[in-house]
Amino acid sequence: MGLAFETERRAEPRLGLIVLQADETIENELRRIIPSHATLHVSRVPCGRDVTTDSLSEMENHIGHSAKLFPSSISFETVGYGCTSGTSVIGIERVADLVRSGTSARAVTEPVSALIAACRHLRVTRLAFLSPYIEDVSFTMRSVLAANGIETPVFGSFEVSEEAVVARISPASILQAAVQLADNSEAEAIFISCTNLRTLDVISAIEDRTGKPVFSSNQVLGWHMCRLAGIEPSRGDFGWLLSGVQ
(Lines give C-alpha, C1' and ligand atoms only; values in the text may rest on other atoms or scores of the structure.)
Protein backbone atom coordinates (compact mmCIF):
# COMPACT_ATOMS: atom_id res chain seq x y z
CA MET A 1 0.00 0.00 0.00
CA GLY A 2 1.39 3.35 -0.99
CA LEU A 3 1.32 5.97 1.78
CA ALA A 4 0.88 9.72 1.45
CA PHE A 5 3.68 12.07 2.43
CA GLU A 6 4.65 15.71 2.20
CA THR A 7 8.03 17.24 1.48
CA GLU A 8 9.47 20.37 3.02
CA ARG A 9 12.38 22.63 2.30
CA ARG A 10 15.39 21.94 4.49
CA ALA A 11 16.64 25.35 5.51
CA GLU A 12 19.39 24.50 8.01
CA PRO A 13 22.96 25.58 7.15
CA ARG A 14 24.79 22.82 5.29
CA LEU A 15 28.51 22.37 5.80
CA GLY A 16 30.70 19.80 4.07
CA LEU A 17 33.96 18.27 5.24
CA ILE A 18 36.46 16.21 3.24
CA VAL A 19 38.40 14.02 5.66
CA LEU A 20 41.53 12.00 5.09
CA GLN A 21 40.95 8.25 5.03
CA ALA A 22 43.49 7.85 7.87
CA ASP A 23 42.11 10.65 10.08
CA GLU A 24 40.50 9.41 13.31
CA THR A 25 40.04 12.75 15.05
CA ILE A 26 38.68 15.64 13.01
CA GLU A 27 35.04 14.56 12.69
CA ASN A 28 34.51 14.30 16.43
CA GLU A 29 36.21 17.62 17.15
CA LEU A 30 34.40 19.55 14.41
CA ARG A 31 31.00 18.22 15.48
CA ARG A 32 31.70 19.76 18.89
CA ILE A 33 32.47 23.16 17.32
CA ILE A 34 29.76 23.35 14.66
CA PRO A 35 26.39 24.27 16.23
CA SER A 36 23.67 21.63 16.40
CA HIS A 37 21.27 23.53 14.13
CA ALA A 38 23.73 23.10 11.22
CA THR A 39 24.22 19.84 9.34
CA LEU A 40 27.70 18.48 8.67
CA HIS A 41 28.16 16.13 5.71
CA VAL A 42 31.42 14.18 5.48
CA SER A 43 33.29 12.58 2.60
CA ARG A 44 36.66 10.80 2.70
CA VAL A 45 39.72 11.13 0.49
CA PRO A 46 42.27 8.33 -0.02
CA CYS A 47 45.67 8.99 1.53
CA GLY A 48 48.87 7.16 2.33
CA ARG A 49 49.55 5.53 5.68
CA ASP A 50 52.68 7.65 6.08
CA VAL A 51 52.78 11.43 5.71
CA THR A 52 55.36 12.57 3.17
CA THR A 53 55.35 15.34 0.59
CA ASP A 54 54.80 12.68 -2.10
CA SER A 55 51.80 11.12 -0.33
CA LEU A 56 50.32 14.56 0.29
CA SER A 57 50.73 15.54 -3.36
CA GLU A 58 48.97 12.34 -4.43
CA MET A 59 45.74 13.52 -2.75
CA GLU A 60 45.40 16.16 -5.46
CA ASN A 61 44.24 13.37 -7.77
CA HIS A 62 41.36 12.41 -5.47
CA ILE A 63 39.92 15.56 -3.87
CA GLY A 64 37.55 16.36 -6.74
CA HIS A 65 36.16 12.81 -6.75
CA SER A 66 35.68 12.90 -2.98
CA ALA A 67 33.72 16.14 -3.34
CA LYS A 68 31.48 14.47 -5.94
CA LEU A 69 30.45 11.93 -3.29
CA PHE A 70 28.50 14.57 -1.38
CA PRO A 71 24.75 14.55 -2.07
CA SER A 72 24.28 16.25 -5.43
CA SER A 73 21.09 17.96 -4.25
CA ILE A 74 22.95 20.10 -1.72
CA SER A 75 24.50 23.51 -2.20
CA PHE A 76 26.87 23.98 0.72
CA GLU A 77 27.46 27.14 2.69
CA THR A 78 31.04 26.01 3.32
CA VAL A 79 33.13 22.98 2.48
CA GLY A 80 36.32 22.32 4.42
CA TYR A 81 39.22 20.17 3.27
CA GLY A 82 40.62 18.61 6.43
CA CYS A 83 44.36 18.45 5.87
CA THR A 84 46.83 21.10 7.00
CA SER A 85 50.01 19.71 5.47
CA GLY A 86 48.18 18.54 2.33
CA THR A 87 46.95 22.06 1.68
CA SER A 88 50.47 23.47 2.05
CA VAL A 89 51.76 21.02 -0.57
CA ILE A 90 48.84 21.15 -3.04
CA GLY A 91 48.13 24.87 -2.63
CA ILE A 92 45.23 26.85 -1.20
CA GLU A 93 43.71 27.91 -4.53
CA ARG A 94 44.17 24.48 -6.09
CA VAL A 95 42.35 22.80 -3.20
CA ALA A 96 39.44 25.21 -3.59
CA ASP A 97 39.26 24.57 -7.35
CA LEU A 98 39.28 20.80 -6.83
CA VAL A 99 36.51 20.93 -4.22
CA ARG A 100 34.36 23.13 -6.45
CA SER A 101 34.92 20.76 -9.38
CA GLY A 102 32.94 18.14 -7.47
CA THR A 103 30.30 20.01 -5.48
CA SER A 104 28.50 23.32 -5.11
CA ALA A 105 29.97 25.43 -2.31
CA ARG A 106 29.59 29.12 -1.56
CA ALA A 107 32.92 29.04 0.29
CA VAL A 108 35.82 26.61 0.57
CA THR A 109 38.43 26.56 3.29
CA GLU A 110 41.10 24.38 4.88
CA PRO A 111 43.30 24.65 7.99
CA VAL A 112 45.91 26.86 6.32
CA SER A 113 43.49 29.59 5.21
CA ALA A 114 41.67 29.17 8.52
CA LEU A 115 44.87 29.68 10.52
CA ILE A 116 45.80 32.77 8.51
CA ALA A 117 42.32 34.20 9.14
CA ALA A 118 42.52 33.36 12.86
CA CYS A 119 45.94 35.01 13.18
CA ARG A 120 44.62 38.17 11.53
CA HIS A 121 41.53 38.07 13.75
CA LEU A 122 43.67 38.03 16.92
CA ARG A 123 46.45 40.18 15.38
CA VAL A 124 49.11 37.49 15.65
CA THR A 125 52.20 37.45 13.40
CA ARG A 126 54.63 35.13 15.24
CA LEU A 127 53.78 31.56 16.18
CA ALA A 128 55.33 28.79 18.19
CA PHE A 129 54.69 25.93 15.78
CA LEU A 130 54.10 22.39 17.06
CA SER A 131 54.00 19.65 14.42
CA PRO A 132 53.76 15.88 14.62
CA TYR A 133 55.51 15.41 11.28
CA ILE A 134 58.92 14.92 9.73
CA GLU A 135 61.02 17.93 8.79
CA ASP A 136 60.27 18.38 5.07
CA VAL A 137 56.49 18.30 5.63
CA SER A 138 56.73 20.87 8.42
CA PHE A 139 59.12 23.07 6.42
CA THR A 140 56.61 23.37 3.57
CA MET A 141 53.87 24.44 5.94
CA ARG A 142 56.08 27.02 7.65
CA SER A 143 57.09 28.44 4.26
CA VAL A 144 53.44 28.94 3.27
CA LEU A 145 52.78 30.79 6.52
CA ALA A 146 55.85 33.00 6.02
CA ALA A 147 54.60 33.91 2.55
CA ASN A 148 51.41 35.12 4.22
CA GLY A 149 53.16 37.27 6.82
CA ILE A 150 53.16 34.78 9.70
CA GLU A 151 56.57 33.84 11.10
CA THR A 152 57.32 30.66 13.05
CA PRO A 153 60.48 31.52 15.01
CA VAL A 154 59.82 28.70 17.48
CA PHE A 155 59.37 25.17 16.15
CA GLY A 156 59.14 21.68 17.58
CA SER A 157 57.98 18.32 16.24
CA PHE A 158 57.16 14.83 17.44
CA GLU A 159 58.81 13.68 14.16
CA VAL A 160 56.22 11.01 13.38
CA SER A 161 55.33 9.95 9.84
CA GLU A 162 52.60 7.36 10.44
CA GLU A 163 49.04 8.70 10.78
CA ALA A 164 47.93 5.90 13.10
CA VAL A 165 50.64 6.94 15.57
CA VAL A 166 49.73 10.62 15.29
CA ALA A 167 46.11 9.83 16.23
CA ARG A 168 47.36 8.13 19.40
CA ILE A 169 49.66 10.85 20.71
CA SER A 170 48.21 11.67 24.12
CA PRO A 171 46.63 15.07 24.78
CA ALA A 172 48.89 15.30 27.84
CA SER A 173 51.95 15.03 25.57
CA ILE A 174 50.55 17.75 23.31
CA LEU A 175 49.96 20.02 26.29
CA GLN A 176 53.47 19.50 27.63
CA ALA A 177 55.11 20.10 24.25
CA ALA A 178 53.07 23.23 23.55
CA VAL A 179 53.86 24.76 26.94
CA GLN A 180 57.55 24.02 26.40
CA LEU A 181 57.55 25.75 23.01
CA ALA A 182 55.55 28.70 24.27
CA ASP A 183 58.24 29.53 26.83
CA ASN A 184 59.85 31.87 24.34
CA SER A 185 59.36 35.61 24.09
CA GLU A 186 59.41 35.52 20.27
CA ALA A 187 56.09 33.64 20.08
CA GLU A 188 52.83 35.57 20.41
CA ALA A 189 50.67 32.45 20.10
CA ILE A 190 50.91 28.68 19.65
CA PHE A 191 49.78 26.66 16.65
CA ILE A 192 49.30 22.89 16.92
CA SER A 193 49.29 21.52 13.39
CA CYS A 194 47.47 18.40 12.13
CA THR A 195 43.79 17.47 12.11
CA ASN A 196 44.58 14.00 13.49
CA LEU A 197 45.98 15.31 16.79
CA ARG A 198 43.52 15.38 19.70
CA THR A 199 43.84 19.02 20.69
CA LEU A 200 40.41 20.38 21.54
CA ASP A 201 40.39 19.41 25.21
CA VAL A 202 43.82 20.86 26.02
CA ILE A 203 43.68 24.22 24.24
CA SER A 204 42.29 26.13 27.21
CA ALA A 205 44.74 24.47 29.61
CA ILE A 206 47.66 25.53 27.40
CA GLU A 207 46.33 29.08 27.27
CA ASP A 208 45.94 29.15 31.05
CA ARG A 209 49.52 28.00 31.56
CA THR A 210 51.15 30.19 28.93
CA GLY A 211 48.97 33.29 28.77
CA LYS A 212 49.06 33.05 24.98
CA PRO A 213 46.34 32.21 22.46
CA VAL A 214 46.39 28.66 21.11
CA PHE A 215 45.30 27.60 17.64
CA SER A 216 44.92 24.03 16.40
CA SER A 217 44.09 22.76 12.93
CA ASN A 218 40.63 21.51 13.87
CA GLN A 219 39.79 24.51 16.04
CA VAL A 220 40.64 27.10 13.37
CA LEU A 221 38.98 25.06 10.63
CA GLY A 222 35.72 24.73 12.56
CA TRP A 223 35.80 28.42 13.48
CA HIS A 224 36.46 29.49 9.88
CA MET A 225 33.83 27.17 8.38
CA CYS A 226 31.22 28.65 10.71
CA ARG A 227 32.40 32.19 10.04
CA LEU A 228 32.18 31.71 6.27
CA ALA A 229 28.74 30.15 6.64
CA GLY A 230 27.51 33.11 8.71
CA ILE A 231 26.78 31.04 11.82
CA GLU A 232 28.16 31.19 15.35
CA PRO A 233 30.32 28.26 16.49
CA SER A 234 29.49 26.45 19.71
CA ARG A 235 30.84 28.29 22.75
CA GLY A 236 32.63 25.36 24.34
CA ASP A 237 35.83 25.67 26.32
CA PHE A 238 37.90 25.54 23.15
CA GLY A 239 40.22 28.53 23.53
CA TRP A 240 40.17 32.26 23.15
CA LEU A 241 39.40 32.13 19.43
CA LEU A 242 36.05 30.45 20.04
CA SER A 243 35.25 32.46 23.16
CA GLY A 244 34.98 35.69 21.19
CA VAL A 245 38.20 37.21 22.56
CA GLN A 246 39.58 39.88 20.24
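The values are calculated or read from the model by the stated rules, or taken from the named source; none is laboratory data. Predicted, not measured: the structure shown is a model, and the values here were computed from it. Methodologically, a virtual Cβ is constructed for each residue, glycine included, from the backbone with ideal geometry; neighbour enumeration extends over all protein chains shown. Just so you know, the surface numbers come from the protein's heavy atoms only, side chains and all, with ligands and any DNA or RNA stripped out. Shrake-Rupley method; radii C 1.70, N 1.55, O 1.52, S 1.80 Å.
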Scanning the range 1-59 for residues that are touching a helix residue (DSSP H, G or I) at 6+ places or on another chain (Cβ under 6 Å) and polar (S, T, N, Q), the one modelled with the lowest pLDDT turns out to be THR53
Show the residue pairs that are 6+ apart or on different chains and have beta-carbon atoms under 6 Å apart, the first residue being within the range 47-58 and closer than 10 Å to VAL137 by Cα, the second being modelled with pLDDT of 80 or more and hydroxyl-bearing (Ser, Thr, Tyr).
VAL51/TYR133; VAL51/SER161; LEU56/SER85
Which members of the range 152-166 meet the condition of being open to solvent by 10 Å² or more (accessible area, probe 1.4 Å) and under 11 Å from SER131 (Cβ atoms)?
THR152, PHE155, GLY156, SER157, PHE158, GLU159, VAL160
Go through the range 70-86 and report how many residues are out of contact with any helix residue (DSSP H, G or I) (no Cβ under 8 Å at 6 or more places or on another chain) and not hydrophobic (A, V, I, L, M, F, W, C).
4
Over the range 172-187, the set of residues in contact (Cβ under 8 Å) with a residue 40 or more places away in the chain and surrounded by fewer than 18 Cβ atoms within 10 Å (Cβ to Cβ) is ASN184, GLU186
For the range 59-102, enumerate the residues that are outside any helix (DSSP H, G or I), open to solvent by 10 Å² or more (accessible area, probe 1.4 Å) and of a type in the set (S, T, N, Q).
SER72, SER73, SER75
Does LEU242 satisfy the condition of being closer than 17 Å to ARG32 by Cβ and at pLDDT below 95?
yes
Scan the range 1-21 residue by residue and report those that are under 18 Å from the mean Cα position of the chain (by Cα) and either crowded, with 21+ Cβ neighbours inside 10 Å or over 25 Å from MET141 (Cβ atoms) (or both).
ARG14, LEU15, GLY16, LEU17, ILE18, VAL19, LEU20
